[in-house]
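S.K.: Before I ask anything, let me first share the structure, which is written out below as structure tokens.
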Amino acid sequence: DRINLIEINDINNICDLGHDYHTTIQFWFCTFGHFQDEITKLADYCNNYSNMSKIIYPIIGHKPYGGPNYFNIVNRLISKDKYINTDFFTHNKKILKLKNLSVITHGFSEETFHMFPRHSVNKLLNSVKKTSEKTIGKVFITRNIATHLPRNLSNQKEIEDYFIKKNFTVINPENISYEPFINTIRDASIVVITWGGALTNMMYLKENTKVYILKSKSYMHENICLFEKIINRLNLKINIIKSVNNVITLDKIDTIK
């Protein structure tokens, strides 16, 4: 139906990208977790195999994780002259016309799915200047209420209050900018995190970090093997705490040391 609505012969509907080589990637849902996975893979591919190519990738219009952090990450990985945000054209109902396009496959069974290539991760970390020599030891990464599916633990507020009392730094990457978030978690010795797209932030952790993952009911069907590449590369010490009836009682998280 969308194709039938396109006025293919109307020159005003066409944006000609010229004869440059372009690269894009198969993308999943419009979430920050998949965005981090896809954009780090794209940047790594173009750095290693196709340095002359321009990258085509949509920055979706909604604003999870602070919204501007999408562009913050893109600007750190890809120079502005090599990045084309297709959202700009498609929201204005434009057809992209181009001559040379490489499309990277990105299925969950592929070796590079959730890999978070070292080159891209190091480039991101090196782009964020450390603002303090003081290391934050224990961090709980919380989240806003999910808008597309029921993802939150039923007693999330109780858990947040508990960690505050235990002198954890409680941080929500959806409500702050990129730089302070990275500087909070990059050298932490213990990180507690909720299951979901936030797990992609494990790529910023130092080696041998203890990671406790709180798993809500909606994620019980997922397996941690999806993230085994980054876990193994950084030798992260993973502990998974599962909810019962979508609640994780405080006695379960009291074991976190």
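S.K.: Given H placed 1.01 Å from N in the peptide plane, which residues other than close sequence neighbours of residue 83 have an amide H under 5 Å from its amide H?
M.R.: Excluding prolines and chain starts, which carry no amide H, the hits are 55.
S.K.: I would also like to ask the following. Count the net charge of all other residues whose Cβ sits under 14 Å from the Cβ of residue 25, scoring Lys and Arg as +1 and Asp and Glu as -1.
M.R.: Working: positive: 41, 54; negative: 37, 38, 44, 110.
Value of the local net charge: -2.
S.K.: So, in Å, what gap is there between the alpha-carbon centers of segment 181-257 and segment 1-59?
M.R.: First find each Cα centre; the distance between them is then 31 Å.
S.K.: Among 222, 158, what's the order by accessible area (1.4 angstrom probe), most exposed first? Please list the in-between numbers first.
M.R.: On the way: 222 50, 158 90 Å².
Solvent-accessible surface, decreasing: 158, 222.
S.K.: Looking only at 99, 217, 229, which one moves most when the chain is put into a Gaussian network model with springs between Cα atoms under 10 Å?
M.R.: Maximum fluctuation in the GNM of the chain, among the listed residues, is at 99.
S.K.: Out of all Cα-Cα pairs in the chain, roughly what percent, to the nearest whole number, are more than 32 Å apart? Please list the in-between numbers first.
M.R.: Working: 9093 of 32896 pairs.
Percentage above 32 Å: 28.
S.K.: In percent, how large is the relative contact order of segment 71-224, given Cα pairs closer than 8 Å and 6 or more residues apart? Numbers along the way, then the final one.
M.R.: Numbers: 144 pairs, mean separation 35.6, N = 154.
For segment 71-224, the relative contact order is 23 percent.
S.K.: With a bin width of 10 angstrom, please list the P(r) values of segment 157-241 as percents of all Cα-Cα pairs, from the 0 bin to the one holding the largest distance.
M.R.: 15, 52, 31, 2
S.K.: Moving to a separate point now. Give the Rg/Rh ratio for segment 153-196, taking Rg as the radius of gyration of the Cα atoms and Rh as the Kirkwood radius, to two decimals. Before the final figure, lay out each step's value.
M.R.: Numbers: Rg = 11.1 Å, Rh = 11.6 Å.
Here the Rg-to-Rh quotient is 0.96.
S.K.: Something else: For the chain, set up a GNM with springs between Cα atoms under 10 Å and report which of 156, 26, 36 has the largest fluctuation.
M.R.: Result for the chain, Cα springs under 10 Å: 26 fluctuates most.
S.K.: Over 15 Å apart: what share of the alpha carbon pairs of segment 1-57 falls there, rounded to a whole percent? Spell out each step's value before the answer.
M.R.: Working: 997 of 1596 pairs.
Cα-Cα pairs of segment 1-57 separated by over 15 Å account for 62 percent.
S.K.: Separate question: Going down the list 229/252; 129/217; 130/237, which pairs span over 31 Å between their C-alpha atoms?
M.R.: Details: 229/252 27 Å; 129/217 37 Å; 130/237 24 Å.
Those over the limit are 129/217.
S.K.: Another question about this same structure. Which value in deg cm²/dmol, rounded to the nearest 500, describes the helix-derived mean residue ellipticity at 222 nm for the chain, given -39,500 (n - 2.57) per DSSP H run of n ≥ 4 and division by the residue count? Write out the running numbers ahead of the final one.
M.R.: Values: 9 runs with 73 residues, N = 257.
Computed ellipticity for the chain at 222 nm equals -7500 deg cm²/dmol.
S.K.: Describe numerically, in nm with one decimal, the distance between label points set 7 Å from Cα along Cα→Cβ at residue 71 and at residue 28.
M.R.: Output for this residue pair reads 2.7 nm.
S.K.: Under 10 Å, Cα contacts only: if you run a Gaussian network model on the chain, which one of 24, 194, 131 comes out with the highest mean-square fluctuation?
M.R.: Among 24, 194, 131, the largest GNM mean-square fluctuation belongs to 131.
S.K.: Whole-Å semi-axes of segment 206-249's equivalent ellipsoid, largest first, each the root of 5 times a Cα gyration tensor eigenvalue?
M.R.: Values: eigenvalues 101, 30, 5 Å².
Each semi-axis is the square root of five times an eigenvalue, giving 23, 12, 5 Å.
The values are calculated or read from the model by the stated rules, or taken from the named source; none is laboratory data. What you are looking at is a predicted structure, and each value in this text was computed from that prediction instead of being measured. Neighbour counts run over all protein chains shown; Cβ positions are idealised from the backbone, glycine included. Ligands, DNA and RNA are excluded from the accessible area calculation, which covers all protein heavy atoms including side chains. Shrake-Rupley method; radii C 1.70, N 1.55, O 1.52, S 1.80 Å.
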